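Shown next, in structure tokens, is the structure this report addresses.
What follows is calculated from the coordinates using simple rules that are stated; it is not laboratory data. Because the structure is predicted, anything quoted here is derived from the model rather than measured. Positions of Cβ are backbone-derived with ideal geometry, glycine not excepted, and every protein chain shown enters the neighbour counts.
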Amino acid sequence: MLFSVPIFSRTTYLEDPNPFTLGFYMLAKFEPGSEEAEQMFDSFWFTNRKMRTPIISLYYKVQDKEGRIMYERSKESEIDP
């Protein structure tokens, strides 16, 4: 048996960026409830709505160490019947 690895293929060594992971990482960098966080949330929502497999629902919740909810925001798309 002969196995080959595509040595010159970019995907052998690097992963394509995942927009969901990147969006949540960026959202976590801002203070919950700040204007920047709100803009990032909206930007993440509208960007992912335009994808081939669009986002349907987005729920963002920040809790303190005791589990109390400090900030919460969600958004859902309108699904056509």
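Values computed for the structure shown
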{"quantity": "Additional length obtainable on full extension of the chain from E35 to V62, 0.36 nm per residue less Cα span", "calculated": "8.2 nm"}
{"quantity": "Whichever lysines have a C-alpha closer than 20 Å to that of K50, once near sequence neighbours (fewer than 8 apart) are set aside", "calculated": "K75"}
{"quantity": "S9/S43 FRET efficiency (R0 35 Å; Cβ-Cβ; nearest 0.05)", "calculated": "0.65"}
